Amino acid sequence: MSELAEQLRHSGIILKGHFVLPDGRHSNVSFDARAITENPTLLEPLCEEIARQISSVNPARIAGASTGGMIVASSVARHLGASLCILNFGHGTTLANPTAQLAGVRIAIVDDFVTTWEQFDVAQRLLRNEGAEVVALGGLAMLSVPPVGRPTVPFFSAITIDAQVFQPDQVPEWLSAIPVQTLDEWVNVEPNQN
């Protein structure tokens with residue numbers, strides 16, 4: 001685990017236990033995205049790292065794939081000296097500035113904790129419908145076992161978190177013995193892997 005990942009774990013942001021990811025897979029590790037986006041001391045080094053990586057594809061704008069992703073996007077854009085493309089999330093995702101001219105504009109989309117490629121779909125579809133060229137996807141963190149499939153553009157992650165991930169019908173006994181934790185119940189629990 002990298003020094004930064006170790007710091008995140010000690011701060012309670014990288015969590016151990018039994019979690020069900022949005023795509024239905026089970027994991028012994030998760031990431032408290034709310035806590036990281038509320039802590040600039042920990043958030044900034046991650047955003048700086050994503051910006052360093054994404055700079056290789058030279059985006060003109062940065063967009064967030066979710067509400068939490070907009071916090072990440074703002075910091076990444078600042079580090080890159082790029083413009084921010086603000087999306088409104090809620091009852092249908094829309095551009096905050098409907099008069100924005102995005103035709104041909106190179107845009108990278110970022111989010112906090114990446115568990116599925118589908119979490120980028122709504123933002124990608126909206127931006128491509130406006131004529132933008134989505135050139136990269138990025139996230140603060142992703143698990144060492146990536147989501148199923150592959151994105152159609154380059155993907156960058158500030159850190160990769162060591163994890164064991166299982167299909168719902170292949171959860172081992174040691175993980176099944178740990179109650180599944182919901183977002184409001186997250187606690188640091190060391191799984192017994194004997």
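The values are calculated or read from the model by the stated rules, or taken from the named source; none is laboratory data. The model shown is predicted, which means the values in this text are computed figures rather than measured ones. So basically every Cβ, Gly included, is an ideal-geometry build from the backbone, and we count neighbours across all protein chains shown. Heavy atoms of the whole protein, side chains included, go into the accessibility calculation; ligands, DNA and RNA do not. Shrake-Rupley method; radii C 1.70, N 1.55, O 1.52, S 1.80 Å.
Name every residue in the stretch 113-144 that is open to solvent by 10 Å² or more (accessible area, probe 1.4 Å), of a type in the set (A, V, I, L, M, F, W, C) and within 13 Å of T93 (Cβ to Cβ), in order of residue number.
Correct list: V122, L126.
Among what's in the stretch 36-51 and is without any contact (Cβ under 8 Å) to a residue 12 or more places away in the chain and part of a helix (DSSP H, G or I), pick the residue that is nearest to Q124 (Cα to Cα).
P40
Return the only residue of G24, G69, G12 being at pLDDT below 90 and within 14 Å of the chain's Cα centre (by Cα).
G69
For residues that are in contact with a strand residue (DSSP E or B) (Cβ under 6 Å, 6 or more places away or on another chain) and outside any strand (DSSP E or B), tally how many sit in the stretch 75-104.
5
Identify, from the list V110, V148, V105, V187, the residue that is within 22 Å of R52 (Cβ to Cβ), hydrophobic (A, V, I, L, M, F, W, C) and either at pLDDT below 85 or surrounded by fewer than 21 Cβ atoms within 10 Å (Cβ to Cβ) (or both).
Just one listed residue meets the conditions, V105.
Mind listing whichever residues of the stretch 1-31 are under 13 Å from V180 (Cα atoms), open to solvent by less than 40 Å² (accessible area, probe 1.4 Å) and either of a type in the set (F, W, Y) or assigned to a strand (DSSP E or B) (or both)?
L15, G17, H18, F19, H26, S27, N28, V29, S30
Can you list residue pairs whose Cβ atoms sit under 8 Å apart, with the first residue in the stretch 156-179 being under 27 Å from F120 (Cβ atoms) and the second being open to solvent by 30 Å² or more (accessible area, probe 1.4 Å) and among the hydroxyl-bearing types (S, T, Y)? Count only pairs 6 or more apart in sequence or on different chains.
From the stretch 156-179, the pairs are I159/S2; T160/S144; I161/S144; D162/S144; A163/S144.
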